[in-house]
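Undergrad: Handing you a structure now.
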Amino acid sequence: MATTSTSRVYELVIFGASGFTGQFVVEEVARNSAEGPKATLKWAVAGRSRQKLQQVLDQAAGNLGKPELKSEVDIIIADVEDPDSLASMSKQAAIVLNCVGPYRFFGEPVVKACVENGAHCIDISGEPQFLEGMQLNYNSQAATNGVYVIGSCGFDSIPADMGVLYTKDQFKGTLTAIESFLSVNTGPEGGSIHDGTWQSAVYGFADQDKLRSLRKKLGHKPLPVVGAKLKRRGAVFYSDEVKQYAVPFMGSDPSVVKRTQRYLCEELKESPVQYSAFAAVGGVCSVIKLMFAGMLFWLFVMTSFGRNLLIKYPEWFSFGYFTKDGPTRKQMEGCSFSMTFFGQGYSQGQDPQEGKPNLKICTQVKGPEAGYVATPIVMVQAAITLLNESKSLPKEGGVYTPGAAFCKTSLIERLNKHGVVFSVISKPEA
């Protein structure tokens, strides 16, 4: 079994620490350094600019009241365009927390360096093409080298992936299908998302054909459908479950959850769960606004000229939702999310292949602002789980989803203690 190396200089290295998300990951690691092995954590920050990295450490020291961060946290100079610097960084780290996106452009050199030099790698990518491409290209080598590459360890897609597993664990019988609905709440200051996420979306939608080609190369057989087939929803529909209009969730959650269910089915011989993800959008006015923005987006994303405009003016095309500055800390304090899971299945002793589901369950994952508060929390707790619970991980290294990697660990319990809370809303009932 692969174990986290104790011979490395650092247990964690945050790569891209001076980026918009990276700065918040730095603060989260600093808050939780006592949760490392032996109640300590040796960590460093990495990136291209020593000056910017030092500024992030100084900022964290001031925000957290920890002046020691200015001098006790080491700085590593590394650049995605310099393979030798990535190799040097990876040789010093037990785990690299990769915060440099868009991952389709900058992620693979980091994965390659980690796999070749024996460092585990955790990222917060919400880009299916990157995530599945890393599985195709590096799973075998990572397994040989005992390295765990665990993608989508942020808001994309730990709440969804671990939420499905949590719902399945709470269901007394055979859970066969789940629909999730994401709701995002903003405070009086409003909210926004940094345009790095917008860029990932622009390039992701433009490359749909490449994603289909990639999946053909992976060559997966369709997962067996257990129980009644999950009904298809429209592009926009009124949800009786959440009492508002909803649309399909366009992030990585469906892709990640499906990969986890494949692992559980093929490797652990568990019954797979069908899954669909949606986002609640509110009333009729919100739907009209969303449809207009969606049509603009699709029109422009299909050409190089249009994509350049989308990248250059994210605030205009997204009605202010995506900005080059990202949200302020005041805005983050007022924001939160909830993801509600509606599951159905069959009671113990009933054959799922006969008749309609006779039990339902509702669970929920709730947390603070999704992109820059919840994401650092779940990323850092994933890393701490990897450090502390190596015996509970899959027996071999490889490229894994969060659910596949952490299904036998205490990650959910750790998240509950840090404000990303999993709970049962209604227990299984007919």
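Undergrad: Within the set K360/K408; K210/K391; K312/K417, which residue pairs have Cα atoms separated by over 30 Å? Numbers along the way, then the final one.
TA: Values: K360/K408 24 Å; K210/K391 37 Å; K312/K417 40 Å.
Long pairs (Cα-Cα over 30 Å): K210/K391; K312/K417.
Undergrad: Here's another thing I want to ask about it. Using the 4.7 Å Cβ rule, please list in number order the cysteines from the chain without any candidate partner.
TA: C99, C153, C265, C285, C335, C362, C407
Undergrad: Among F130, F106, what's the order by accessible area (1.4 angstrom probe), most exposed first? Present the calculation step by step, with values, prior to reporting the outcome.
TA: Values: F130 10, F106 70 Å².
My answer, sorted largest first, is F106, F130.
Undergrad: With a cut-off of 11 Å, note down the residues of the stretch 104-140 whose backbone N falls inside the zone around a label point 7 Å from the Cα of D207 toward its beta carbon.
TA: Within reach of a label on D207, which here means backbone N under 11 Å from a point 7 Å along Cα→Cβ, the stretch 104-140 contributes 104-108, 127-134.
Undergrad: Here is a further query. Taking the Cα centroid of the stretch 356-430 and of the stretch 85-111, what is the distance between the two, rounded to the nearest whole Å?
TA: Here the answer is 24 Å between Cα centres.
Undergrad: Can I ask one more? Given q = 0.11 Å⁻¹, what are the Debye log10 I(q)/I(0) values for the chain, with equal point scatterers placed on the Cα positions and solvent ignored?
TA: -0.84
Undergrad: So what is the accessible area of the stretch 165-285 per residue, in Å², with the probe set to 1.4 Å? Display every interim value, and only then the final one.
TA: On the way: 6200 Å² over 121 residues.
So the stretch 165-285 comes to 51 Å² accessible per residue, rounded to a whole number.
Undergrad: So what's the gap between the Cα centers of the stretch 152-192 and the stretch 288-320, to the nearest angstrom?
TA: Answer, in whole Å: 27.
Undergrad: Ranked highest first by average number of other Cβ atoms within 10 Å, how do 94-100, 245-251, 326-332 line up?
TA: Working: 94-100: 27.6, 245-251: 19.0, 326-332: 16.7.
Highest mean packing first, the order is 94-100, 245-251, 326-332.
Undergrad: Here is a follow-up. What residue among A34, A60, A177 shows peak mean-square fluctuation when the chain is described by a Gaussian network model with Cα springs under 10 Å?
TA: Result: A34 has the largest fluctuation of those listed.
Undergrad: Leaving ligands, DNA and RNA out of it, work out the accessible area of E11 with a 1.4 Å probe and give it in Å² to the nearest 10.
TA: The accessible area comes out at roughly 40 Å².
Undergrad: Count the lysine pairs in the stretch 39-98 whose Cα atoms sit under 17 Å apart, keeping only pairs 8 or more residues apart in sequence or on different chains. Intermediate results must be reported in sequence, preceding the final value.
TA: Details: K42/K66; K42/K70; K42/K91; K52/K70.
Taking the Cα cut-off of 17 Å, the pair count is 4.
Undergrad: When only Cα pairs under 8 Å and 6 or more residues apart are kept, what is the percent relative contact order across the stretch 1-73? Each step should come with its number before you reach the end.
TA: Details: 78 pairs, mean separation 22.6, N = 73.
Relative contact order for the stretch 1-73 comes out at 31 percent.
Undergrad: Rounded, prolate or oblate: which fits the stretch 342-430 when a ≥ b ≥ c are the square roots of the eigenvalues of the alpha-carbon gyration tensor, with rounded for a/c under 1.5 and prolate only if a/b beats b/c? Please report the intermediate quantities before stating the final value.
TA: Details: a/c = 2.85, a/b = 1.54, b/c = 1.85.
Here the stretch 342-430 falls in the oblate category.
Undergrad: Shifting gears a bit: Among 154-161, 214-221, 291-298, what's the highest-first ranking by average C-beta atoms within 10 angstrom per residue? Mind dumping the intermediate values first?
TA: Working: 154-161: 29.2, 214-221: 11.2, 291-298: 13.6.
Those peptides, ordered most packed to least, come out 154-161, 291-298, 214-221.
Undergrad: Right, another one. Given a 1.4 Å probe and the protein chains all in place, what does the accessible area of C153 round to, in Å² to the nearest 10?
TA: Estimated to the nearest 10 Å², C153 gives 0 Å².
Undergrad: Okay, next question. Taking Cα pairs under 8 Å and at least six residues apart, what relative contact order does the stretch 162-284 come out at, in percent?
TA: Computed value for the stretch 162-284: 40 percent relative contact order.
Undergrad: Further question: Ordering Y275, Y203 by accessible area with a probe of 1.4 Å, largest first, what comes out?
TA: Numbers: Y275 40, Y203 60 Å².
Descending order: Y203, Y275.
Undergrad: OK, next. Determine, at each q value in 0.10, 0.20 (inverse angstroms), the log₁₀ of I(q)/I(0) that the Debye formula gives when each Cα of the stretch 270-429 is one equal point scatterer.
TA: -0.61, -1.27
Undergrad: Follow-up. Near K289, which lysines are there with a Cα under 20 Å away, not counting those fewer than 8 places off in the same chain?
TA: K243
Undergrad: Each label point is 7 Å from the Cα along the Cα-to-Cβ direction; what then is the distance between the points at R232 and K356, in nm?
TA: Spacing of the two 7 Å Cα→Cβ label points: 2.1 nm.
Undergrad: Something else: Multiply the residue separation of K269 and L218 by 0.36 nm, subtract the distance between their alpha-carbon atoms, and state the gained length in nm to one decimal.
TA: Working: separation 51, 0.36 × 51 = 18.36 nm, distance 2.02 nm.
In short, 16.3 nm is gained.
Undergrad: Okay, next question. Determine the relative contact order of the chain: mean sequence separation of Cα pairs under 8 Å and six or more apart, normalised by residue count, in whole percent.
TA: Numbers: 857 pairs, mean separation 94.8, N = 430.
After rounding, I find 22 percent.
Undergrad: Could I ask something else about it? Starting from the residue with the highest accessible area, list E241, E27 in decreasing order, probe 1.4 Å. Please report the intermediate quantities before stating the final value.
TA: Values: E241 65, E27 5 Å².
Highest to lowest solvent-accessible surface, that is E241, E27.
Undergrad: Same structure, new question: Rounded to the nearest angstrom and ordered from largest down, what semi-axes does the equivalent ellipsoid of the stretch 192-320 get from its C-alpha gyration tensor (root of 5λ)?
TA: Details: eigenvalues 184, 93, 27 Å².
Its equivalent ellipsoid spans semi-axes of 30, 22, 12 Å.
Undergrad: At 1.4 Å probe size, what's the solvent-accessible area of R50? Round to the nearest 10 Å².
TA: Rounded to the nearest 10, the figure is 130 Å².
Undergrad: Counting only protein heavy atoms, what percent of the accessible surface of the chain is carbon or sulfur at a 1.4 Å probe? Numbers along the way, then the final one.
TA: On the way: 10070 of 19470 Å².
Heavy-atom surface of the chain belonging to carbon and sulfur, 1.4 Å probe: 52 percent.
The values are calculated or read from the model by the stated rules, or taken from the named source; none is laboratory data. Note that the coordinates shown come from a computational prediction; the quantities given were computed from them, not determined experimentally. In this analysis, Cβ positions are derived from the backbone assuming ideal geometry, glycine residues included, and neighbour counts consider all displayed protein chains. Accessible surface is based on the protein model in full, side chains and every heavy atom, while ligands, DNA and RNA are left aside. Shrake-Rupley method; radii C 1.70, N 1.55, O 1.52, S 1.80 Å.
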